[in-house]
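The structure under discussion appears below in the form of C-alpha cells.
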Amino acid sequence: MPPRVSLALLAAALPALAPAAGVPTLQEVTVNAGGQGEIGLADSATEGTVTARQLANRPLLRPAEVMETIPGLVVTQHSGDGKANQYFLRGFNLDHGSDFATSVMGMPANMASHAHGQGYMDLNFLIPELIGAVQYRKGVYSAEDGDFATAGAARIDYLRQLAAPFADLGIGQNGYRRALLAGSRDLDGLTLLGALELAGNDGPWDQPEHLKKHNAVLRLSEGSASHGFALTAMAYDARWTATEHVPERAIDSGEIGRYGALSPNDGGRTHRYSLSGEWARRDGAGSSRASAYVIDYGLNLFSAPSGFIGGPQGDQHEQADARTVWGGQASRSASAGPALRHTLFTVGVQLRQDRIRSVGLYATEDRQRRDTVRQDRITETAAGLFVEARTDWLPWLRSTVGLRRDAVDARVTATGGAFNLGNGGEARAGQTSPKLGIVLGPFEALGQSEFYANWGHGFHSNDARGATSTANPVDGSAVDRLPLLVRARGSEIGLRAMPLPGWHSSLALWRMDLASELVFVGDEGVTEPKGASRRHGLEWSNYYTAAHGLIVDGDLALAHARFTHPNVDNGGTRVPNAIPLTASLGATVDPGGRWFGGVRLRYLGAYPLEETGREKSTPFLMANLKLGYRVDARTRITLDVLNLFDRKANDIEYWGGACTRGESASGTCGGGIDGRLVHPLEPRTLRLGLRVAF
C-alpha cells in the first residue's frame, strides 16, 4: 500500500509558501502560446502544445474541459460531476477514455480493467490554474505512446512556479462554491509549490448533487521539465449524488421534469492519492529522462441506467474498484554523429502494474448491496520498449522511424458471484507496432509551410475479465474469451502553415482501422462485441495571436465512422455516438489593463444513436463567456456565464432499453422499451470569482 497523502498535512504546509516579510514575490513564469513553435519541430500536422496563457481566460464548467483545447475533442457528462467525463474525438465515442491516453505529470490517468469501463479516465482532480502545458498528439504515429493511444494522447504538466501566492473564492447559482489557495516559494535553489482546493455544487437538478470535492497538491522541484526534477504529492476525493441520463419520454410525458431523476440515490465516492517523481538532464551527448509513480485509487459508483426494468425496486447497481497502480519510464536521446547524418535516436522503456485488490459489480437498492454479480482480483502488468530515429536528410526533408514492442500479462482471480467463480485465469498478449513519419519543408515561399505524411500501428487493451471469462456472470451462459489487445492502424497527410504573421493553420486528412470494438460493459459484467471499424476524416485548426493581447482560435473536424460489417440485428453500419461534425471558435483578450476576458462557441452536429442512422441526436450550438476586471495589481474579479444563450439541448444522447417508474408500475415495460436516453445541458449559469494575490 502506498502512503496516503493527508489533506490536512498538505493544508498545513501552505502557509509556508507565502513570501516572508521583505522578500519580493516570484516573477511570473513566461509561457508561449501553443502552435507558434511547431514548424520545423513537429512530426505531424495534428500535434501541438496548449499553454497556461491559452487556459487563463477560458470559461470552464468542469475541470476536464481543459481537454477541449485539443482541436476536435469534445467533453460532456451524462451523470454526476464526480464521475469521469465522456470524451469524443475523430469519430470515436471514447466512453470515458478507452481510445485516448492521458498522463498527468508522468502518471497515467486511464485505468485498465476498470469497474465502469476500460480506460476509464477521471480528470476531475485537475486544477486548471496550475496547468502549465498540455502536449497532445493524435493518431498512432509516436513510438512513445502505447495502450489506449489510438485516437491520440495528451500529457499534462503542472507549473513549477507561480507569480505569487493567491487565494481564489468562487460562488454561483445552484449552490456552487469553490475555494483555492495556491502559491510557490524558493527554498535555497529548490521551488516548493502547494495548492488546496475545496469545492461543492448542487447543480440545476431536481435532486441536488451535493458534490463535495477536496483536492491538494504539493510539489518540490528544481530547474525545468527538460533539465531538472520534480517530486509531486497529490490527494483528491469526492462524493456526489447523480442525476443519470433518463428516457426522453419520461420528460415529455411529465413523469419527471427536465432536470429530474428516476433513481433517488445514484452517485458515488472516489479518491486518488499519488506520489510521483520526474527527472531530466541534458548533456553534451544528448538528454535523459526518468519518472516513477504510485497511485492509490478507489471508486464506488451507484447508477441505474436502465431505470426500473427489474421492478419497482429499480435497477441500481454498484461498480466498485480498489487498486494500487505503480510504474515508470526511462528514455535516452542522443545524436549518432555525422556518419549517420546526425540522426537523433531515442530509446525508452515503460512499465506499469495495476494491482486491483477488488473490482466488482453488485445489485443494489438505495446504495445497499443485495447481490454480487461478479467480483474479481486482478494483477495486470504492461511493459513497453520503444526506439525512434529522427533524421534530417535535407534542409527541407526529415523523417521519423519508430518501433514499439508491448507485452501485457493479466491474472484474474474470481472472488464472488454465483456464476462467476469459474471465470478466473491468465491472459497474455503482445504486439509490435511500427511507425513512420515524413516531413517536407519548411518552405518560406509558401508561408513557412510544412507537409506531413504519417503511418503507424497502435492498440488498445481489452478488460482482462473479458479475456479470461467463459461464463456470463449474470446467468451462467457460455461466452467466448476475447483477445487482450486490439490492433489499430492509422495514416494521415497534412500541412501546417503561417498564411499571415501571427496566424498558424494546420489541415489534415486521416484514416483509422480498428480490428475490433469489443468492449467490456461494466454495467452488465460482460463483453459486448462490436466488430471491426473504419474511420476517416478531416481536421482544420487555426490559431491567431494579434497585438493587444488578443488570441483567436478556430477548429473544424469532420469524421466518417462505419463498421466494416453490418449489424446482424438491424443491418446498419453506423458507429453509434460517432460525432460527424464538430466546430469551435474562441477568443481571449488581455491587453494587460483593467479588463480581460474570453468567449467560446462550440457546435456539435447530429450523430447516429444506433447502427442504421435513422435515430440521430439533435445538433446544437452553445457559448460560454468570461469577463474579468483588475481592481488593482493584486485583486481581480471574474464573471463566468456558462451556456450564455441558455440553450435547451442535451449534453449527451443515447439509444437503448430502459423503463420509467410509471411504466414499471403499469406493467407495460416488459424487458425494457428502446428509446432516446438523454442528459440535458445545464441551463445558463453565473459564477462570480475573486482572486487576491499576496
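Solvent-accessible surface of the chain, averaged per residue with a 1.4 angstrom probe and all protein chains in place: 39 square angstrom. Between Arg177 and Gln353, the FRET efficiency estimated from the beta carbon spacing at R0 = 35 angstrom works out to 0.35. Relative contact order of the stretch 88-174, taken over Cα pairs closer than 8 Å and 6 or more residues apart, is 31 percent. Available extension along the chain between Gln368 and Arg630 is 89.3 nm, counting 0.36 nm per residue and deducting the alpha carbon span. If R0 is 30 Å, the Cβ-Cβ spacing of Ser287 and Glu444 corresponds to a FRET efficiency of close to 0.55.
If you count, for each residue, the other Cβ atoms within 10 Å and average over each peptide, how do 190-203, 131-144 line up from highest to lowest? Could the numbers behind the result be given before it?
Working: 190-203: 20.6, 131-144: 23.8.
The most tightly packed comes first, giving 131-144, 190-203.
Let me check I've understood the local charge: for Pro59, count other residues with C-beta under 10 angstrom from its C-beta, Lys and Arg +1, Asp and Glu -1. What total comes out? Neighbourhood net charge equals +2.
Local charge sum around Gly384 (other residues, Cβ-Cβ under 10 Å, Lys/Arg +1, Asp/Glu -1)?
Numbers: positive: Arg352, Arg404, Arg405; negative: Glu144, Asp145, Asp147, Asp406.
Here the count lands on -1.
Each principal axis of the Cα atoms in the chain has its own extent, and those three values, largest first, are 72, 59, 48 angstrom.
Label zone (Thr432, point 7 Å along Cα-to-C-beta; backbone nitrogen cut-off 12 Å) within the stretch 395-421: 403-406.
Peptides 245-254, 106-115, 443-452 ranked from most to least packed by the mean count of surrounding Cβ atoms within 10 Å: 106-115, 245-254, 443-452. For the stretch 390-429, the residues whose amide N sits under 14 Å from a probe point set 7 Å from the Cα of Leu340 along the beta carbon direction are 390-392, 400-403.
Find the relative contact order for the chain and round it to a whole percent, using C-alpha pairs within less than 8 Å whose residues are 6+ positions apart.
Numbers: 2097 pairs, mean separation 89.0, N = 694.
Across the chain, relative contact order equals 13 percent.
A cut-off under 11 angstrom between Cβ atoms defines the neighbours of Ser79, and their net charge, with Lys, Arg +1 and Asp, Glu -1, is -4. Working from label points 7 Å from Cα in the Cα-to-Cβ sense, the Ala330 to Ala547 distance is 5.3 nm. Pairs from the list Lys83/Lys530; Lys213/Lys530; Lys212/Lys616; Lys83/Lys626; Lys83/Lys435; Lys83/Lys616 with a Cα-Cα gap above 29 Å: Lys213/Lys530; Lys212/Lys616; Lys83/Lys435.
Using Cα-Cα distances under 8 Å and only pairs 6 or more residues apart, what relative contact order does the stretch 260-304 have, in percent?
Numbers: 61 pairs, mean separation 22.5, N = 45.
Taking the mean separation of contacting Cα pairs over the length of the stretch 260-304, I get 50 percent.
Order the peptides 147-155, 345-353 from the highest to the lowest mean number of other Cβ atoms within 10 Å of their residues. Write down the numbers at each step before the final one.
On the way: 147-155: 25.3, 345-353: 17.4.
The packing order, highest mean first, is 147-155, 345-353.
Amide H contacts under 5 Å for Tyr120: Met111, His114, restricted to partners 5 or more places along the chain or on a different chain, H placed in the peptide plane at 1.01 Å from N.
Accessible surface for Thr343 stands near 10 Å², nearest 10, in the context of the full protein assembly shown (1.4 Å probe). Calculated mean residue ellipticity at 222 nm for the chain: -1000 deg cm²/dmol, from DSSP H runs with n ≥ 4 weighted as -39500 (n - 2.57), summed, divided by the residue count and rounded to 500. The calculated FRET efficiency for the pair Ala418 and Leu187, based on their C-beta separation and a Förster distance of 56 Å, comes to about 0.45. Going by accessible surface with a 1.4 Å probe and the largest first, Phe694, Phe92 read Phe694, Phe92.
The values are calculated or read from the model by the stated rules, or taken from the named source; none is laboratory data. Since the structure is predicted, the reported quantities are computational estimates derived from the model, not experimental observations. Counting neighbours? That spans all protein chains shown, and the Cβs are built from the backbone with ideal geometry, glycine included. Note: accessible area is taken over every heavy atom of the protein model, side chains too, but ligands, DNA and RNA are not part of it. Shrake-Rupley method; radii C 1.70, N 1.55, O 1.52, S 1.80 Å.
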